[in-house]
Amino acid sequence: DFSFLLPLEDSLDSPTIGFVIEIKAAPSKDQMESLAKEALQQAKDKNYVKGMFDNHIDDIDEVRAYGIAFYKKSCKVVLESFKAKDLE
């Protein structure tokens, strides 16, 4: 699990996006999708997304949360994007 900030362009006025990534190892290929959704839900339930806004409210415009599950060399990714107003 990790999070980071990334400016969309190399400018002080460009919007900055926060990223929260939750990763799970799946025991089989059939379980990748459900585990990716579970990982995304965990990022929301544990307030990782809200915490990103709370810690950087003046710096970021959006947080993109990713749930990723992998099995061997395959992976499934689910994404949800949030604005600060979405969490009020």
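Counting Lys and Arg as +1 and Asp and Glu as -1 over every other residue whose Cβ lies under 11 Å from the Cβ of S3, the net charge comes to -1. Across region 76-81, coupling constants 3J(HN,Hα) worked out from phi with the 6.51/-1.76/1.60 Karplus curve, θ = phi - 60°, read 10, 10, 10, 9, 9, 10 Hz, and Gly and Pro carry x.
What the phi angles of region 44-54 give under the Karplus curve with 6.51, -1.76 and 1.60, with θ = phi - 60°, is a coupling list of 6, 4, 8, 6, 5, 5, 4, x, 4, 5, 4 Hz, glycine and proline written as x. If the reach is capped at under 18 angstrom between alpha carbons, list the lysines near K24, excluding any in the same chain fewer than eight residues apart. Reachable lysines: K37, K44, K46, K72, K73, K76. Applied to region 35-41, the Karplus parametrisation 6.51 cos²θ - 1.76 cosθ + 1.60 on θ = phi - 60° returns per-residue 3J(HN,Hα) values of 6, 5, 5, 4, 5, 5, 4 Hz, with x for Gly and Pro.
Coordinate-derived values only; no laboratory data. Predicted, not measured: the structure shown is a model, and the values here were computed from it. Glycine gets a Cβ as well: all are built from the backbone with ideal geometry, and neighbour counts include every protein chain shown.
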